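J.: Handing you this structure, nothing more for now.
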Amino acid sequence: MKIDKHGSFTFEIPGQPATKKNSPVLVMGRAVVLPSKAYKAYSKLFHTELEALELKYGRLPHFEGPVALRARYYLQDRRSYPDLNGLIQATQDIISDEYSHKNRRKILKRQWILADDRLVKSLDGCRIAGIDKFNPRVEICIEPLELIPESETDPALVRLAKERMQEGLF
């Protein structure tokens, strides 16, 4: 784990990367789309590793503004070779805050690294970097990007920029 002077956060999560590979499943007679078992196991391992990093180094950075994400995936082998978009989507979901819904309200369940996966504005450099039979993993770098209110198109980030301007942070 590394945080540089510009606020970039770099870390590595061991384990075979997995996509969600959502598939329809019958639940009480209705077709419901659920994540795959492999994704659930990977997500649990990923969160356990993040918690271990938190114990070792203290509180992890939490990004609330636009970021660039670079992920390099090293797979255990070529079996069930995943698609890169699926891996990126799974990574973004796993590192984003978890919410539960009660009475039509979002309630923060667990804060992770990103306030929301929609904060990712750049995925330059993401790739399946190779096969590593003995150390499958993902290496992730998250870099904060400048929030420019005049050119921002995401309504949530426009609101954030306005709030920060009112607080005198811009």
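J.: Once R0 is set to 30 Å, what does the formula 1/(1 + (r/R0)^6) return for the Cβ-Cβ distance between residue 167 and residue 56, expressed as a FRET efficiency to the nearest 0.05?
T.: Once the sixth-power term is evaluated, E becomes 0.35.
J.: Out of all Cα-Cα pairs in the stretch 53-130, roughly what percent, to the nearest whole number, are more than 22 Å apart?
T.: It works out to 38 percent of all Cα pairs.
J.: Apply 1/(1 + (r/R0)^6) to the Cβ-Cβ distance of residue 76 and residue 28, taking R0 = 41 Å, and write down the FRET efficiency to the nearest 0.05.
T.: Computed FRET efficiency for residue 76 and residue 28 comes out at 0.70.
J.: Let me know the Rg and Dmax you get for the stretch 93-163 when you use only its Cα atoms, in Å.
T.: Here Rg and the maximum Cα pair distance are 16.2, 48 Å.
J.: Determine the shape class of the chain: with a ≥ b ≥ c the square roots of the Cα gyration tensor eigenvalues, call it rounded for a/c under 1.5, and otherwise prolate if a/b is greater than b/c, oblate otherwise.
T.: Because a/c hits 1.5 or more and a/b fails to exceed b/c, the chain counts as oblate.
J.: Okay, next question. Taking Cα atoms, how many degrees apart are the long axis of helix 155-166 and the longest axis of the chain, rounded to 10 and kept between 0 and 90?
T.: Once rounded, the angle reads 40 degrees.
J.: Of all DSSP beta bridges in the chain, what percent run antiparallel (nearest 5)?
T.: If we restrict to bridges inside the chain, about 75 percent are antiparallel.
J.: Go through the stretch 116-162 and name the trypsin sites (Lys or Arg not before Pro) that are in a DSSP coil and have 11 or fewer other Cβ atoms within 10 Å of their Cβ.
T.: Here the sparse-neighbourhood loop sites are 133.
J.: Right, another one. So what is the relative contact order of the stretch 86-164, in percent, for Cα pairs below 8 Å that sit 6 or more residues apart?
T.: Relative contact order here is 18 percent.
J.: In percent, what relative contact order does the chain have, based on Cα pairs under 8 Å that are 6 or more apart in sequence?
T.: Relative contact order for the chain comes out at 31 percent.
J.: With springs connecting C-alpha atoms under 10 Å apart, model the chain as a Gaussian network and identify which of 58, 125, 29 has the largest mean-square fluctuation.
T.: 29
J.: Could you please tell me the mean projected area of the C-alpha convex hull for the stretch 24-80, averaged over all directions and given in square nanometres to one decimal?
T.: 7.2
J.: For the chain, take the longest principal axis of its alpha carbons; what is the angle in degrees between that and the long axis of helix 37-57, to the nearest 10 within 0 to 90?
T.: 50
All of the numbers you see were taken from the coordinates with simple rules; none came from a lab. Bear in mind that the values here come from a model prediction, so they are computed numbers and not experimental data. All Cβ positions, even for glycine, are placed from backbone atoms using ideal geometry, and neighbour counts span all protein chains on display.
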